[in-house]
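Notes for the one structure printed next.
We did not get these values from a lab; they are worked out from the coordinates using the rules stated. These numbers were taken from a predicted model, which means no experiment stands behind them. A quick note on method: Cβ atoms are made from the backbone with ideal geometry, for glycine too, and the neighbour counts reach across all protein chains shown.
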Amino acid sequence: RGYLIKIGLLLCLLGTVWTSDLQAQDSLSNVINSYARVTAIQSSTCAVSLEVEDTTGFQKGMDAIILQMKGAVMTESNDADFGNIEDTLSLGRYERIRLDSVSENEIFLFVDLVNEYDPAGKLQLITLPVYQTAIVVDTLRPAPWDGATGGVIALEVTDSLFLNAPIIASGMGFRGGEAKTVSPND
């Protein structure tokens, strides 16, 4: 009889833990990230800071991604080589970082950056929300690329991700060039 009471108590406790996990699920929809244009990087022996246009949505201790959106050198001559990439420079470089502190227009990092970045090449900071269990309940999408920020969805799920709706970034990234119809006489 002593075993039955202990087993019953254990099952009751396990049931409580299981119920708590179900309530801890995050429902995701629309835009879950915050974005900030990085205008400068200051690095010293004591700290690394990012000057940004807006710190809305960024908090101390939060994970984020720094991502170089533009900056490659391409052939611009009006010939068959137009658009060829001559040098990628820092284009496409990114890394995960942790925010140490956030002030009005400056974000300090816990550690130094691994890569070199060029703020003139459209450098952005993107929040990286971390969930244990998440359910996409309505379309998940990034903020549209506005020429400086957006166009990227970033999240981490440590246990389970349930897709009850799509994750879509189509048409939200870089704006394409204008289409031009050329007549045979041109």
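Check each of the trypsin sites (Lys or Arg not before Pro) in the range 46-137 and keep only those in coil by DSSP with at most 14 other C-beta atoms within 10 angstrom; list them in order. Walk me through the numbers on the way to the answer.
Numbers: sites: Lys60, Lys70, Arg93, Arg96, Arg98, Lys122; in loops: Lys60, Lys70, Arg93, Lys122.
Listed in order of number, the matching sites are Lys60.
Taking amide H positions as modeled 1.01 Å from N, with prolines and chain starts lacking one, the residues under 5 Å from Gln132 and 5 or more places away or on another chain are Thr158. For Glu106, nonlocal amide neighbours, meaning residues 5 or more places apart or on other chains whose placed amide H falls under 5 Å from its own, are Val52.
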